[in-house]
Amino acid sequence: MAAAASETLRRTALFDRHAAAGARLVPFAGWEMPVQYAGVREEHLAVRERAGMFDVSHMGEVETRGPDALAFLQRMLSNDVAAIPLGGAQYTVLCREDGGVLDDLFTYRLADDRFLTVTNAANHARDIAWLRAHAGGFDVELVDRLDDYAMLAVQGPAARGLLAPLVDGELPARFHTAELRVAGVPALVCGTGYTGEDGAELLCGPADAGAIWDALLAAGVAPAGLAARDTLRLEACYHLYGNDLMESRGPIEAGLGWCCKEATGFVGSEAVAAVRASGPAERLVPFAFTGPGIPRQGNAVVGGGEVTSGTLSPCLGVGVGMAYVPADRAAVGTALEIDVRGKLRAAVVKDKPLYRKDG
Amino acid sequence: MADYPHDLLYHPEHDWARIDGDVATLGITWFAQDSLGEVVFFDPPAVGTQVRQGESYAEVESVKAVSDVIAPLSGEIVEVNEALGDAPETINDDPYGDGWMVKVRCSDPSERDALLDADAYAAQLA
């Protein structure tokens, strides 16, 4: 069994509700988080077939405001921040000068000169330090909002329908946000998610999170843990920082060239442009096993490369994952062999996403 | 709920043995399957493989994790539970019955002295 952590783990505003719901709570990025409730498979299928909710309050938030907020974020983030409409949401990456990925982020435009950026828990402090270190010369204020927000993700084909009666206005469209009251408390409702299903993510004050959780639970939304969140995102081929994204690799290698707009001149844009022009030496590909076995992070790909995420797909019933492979072996349909603790397992490179609702 | 039958012997690494003459049936305990969560893959060793007390003879996987299965006794594997290939969740549903993993022809009867009875095993979990 794992040794007791000596560090003090943080608890979200919903900790007592997780415990009451029978969650298994585990250390994750410095937080004590629910990894599962009823069971990974059951929670995974609840999200695919109906609706599930995740407490993702460990994720960080940074507010950027001031006259130069747009210019500053355009300099720091890979995507075209100017293209985010008021109330819009955009996926982006944060790069080092050499193009290495520091984090992947969602940025919401709350006003012309006010943005909220959601960070990965493990990277939050580093992201803020990086942003502050580059803010010289910009008339901008960076505010750490980690402690001001709890965050809930409500996902699944029925998620919007179950959420709508609890909201005092129109739910925002995909990649848009709206400031609404949910279950009587104020929340920033975002048409985003990490499961491949429709739904919303809700940012609210920690003291208000319980009211939203209780209302969603009463509406029949199933609590789902981080384990199901991981299997869902992997079937959808969404990247997980620390697995599929890291400082030693760039966004082009990771298949995130679509959210890099080098013409904006962001930090790292020259390195990214060079890799885009020459073609990367390796690419991140989704794959599925054609026989038995389950791939895991760190498994070697025979002939070069490594698995960065792996699991048994609850929907497909086979081992699936993502791996960096040499670029000449990245084409869909390419046969791979993966070394799973000494046993060679047959796999094939697949198209994204690994799981698609309509087959 | 937690259950540790009294007719079994236990290894502290959460494995059990049911001894019948010189053949022992092996599996993992209720505690082990509960800690692991839903078992989704069991990779059995081949019949004829020699296993050694205290060493891993197989792997069992949940969605999230891989776990070694430790042999409570040494010997030669004479049978494996092939049914677990298609229904690994049986290890969760019936860890001491249909969820058995292998049968071993024991090579050293004195090894049994190193194992725990149900009360001693349950006590070390507390």
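We did not get these values from a lab; they are worked out from the coordinates using the rules stated. In this text the structure is predicted, and so the values were computed from the model without any measurement. When we count neighbours, we look across all protein chains shown, and the Cβ atoms used for this are built from the backbone with ideal geometry, even at glycine.
Using a basic spin-label model with each label point 7 Å from the Cα along Cα→Cβ, how many nm lie between A:Ala164 and A:Ala71?
Result for the modelled spin labels: 4.4 nm.
When the Kirkwood hydrodynamic radius is evaluated over all pairs of different C-alpha atoms of the range A:60-133, what value in angstrom, to one decimal, is obtained? Each step should come with its number before you reach the end.
Values: mean 1/r = 0.0824 Å⁻¹.
In the range A:60-133 this quantity evaluates to 12.1 Å.
Between A:Gly268, A:Gly184, A:Gly291, find the one with the highest GNM mean-square fluctuation for chain A; connect C-alpha pairs within less than 10 Å.
Largest GNM mean-square fluctuation: A:Gly291.
For peptide B:59-68, compute the average count of partner chain beta-carbon atoms within 10 Å of each residue's beta-carbon. Don't skip to the answer; put the middle values down first.
Numbers: counts 5, 0, 7, 8, 14, 11, 2, 4, 0, 1.
Partner-chain Cβ atoms within 10 Å, mean over residues of B:59-68: 5.
If you plug each phi of the range A:239-247 into the Karplus form 6.51 cos²θ - 1.76 cosθ + 1.60 with θ = phi - 60°, what whole-Hz ³J(HN,Hα) values come out, in order, with x for Gly and Pro?
Each residue of the range A:239-247 in turn: 6, 10, 5, x, 9, 9, 10, 7, 5 Hz.
Please report, in whole Å, how far the alpha carbons of chain B spread along each principal axis, starting with the longest.
37, 36, 21
State the extension gain, in nm to one decimal, for the chain segment bounded by A:Val143 and A:Lys357, taking 0.36 nm per residue of separation less the distance between their alpha-carbons.
On the way: separation 214, 0.36 × 214 = 77.04 nm, distance 3.95 nm.
Full extension of this stretch gives 73.1 nm more.
Would you mind getting me the FRET efficiency between B:Ala123 and A:Ala21? Use the beta-carbon distance for r and R0 = 25 Å, nearest 0.05.
0.25
Explain nothing, just the number: relative contact order of the range A:281-359, from Cα pairs under 8 Å at least 6 residues apart, as a whole percent. List each step's numbers first, then the result.
Details: 195 pairs, mean separation 29.4, N = 79.
Contact order relative to length: 37 percent.
For chain A, what value does the Rg/Rh ratio take when both radii are computed over Cα atoms and Rh is the Kirkwood radius, given to two decimals? Each step should come with its number before you reach the end.
Values: Rg = 20.2 Å, Rh = 21.1 Å.
Across chain A, the Cα-based Rg/Rh ratio is 0.96.
Only bridges whose two residues both fall in the protein assembly as shown count here: according to DSSP, what percent of them are antiparallel, nearest 5?
Working: 105 of 109 bridges.
If I count the DSSP bridges inside the protein assembly as shown, around 95 percent turn out antiparallel.
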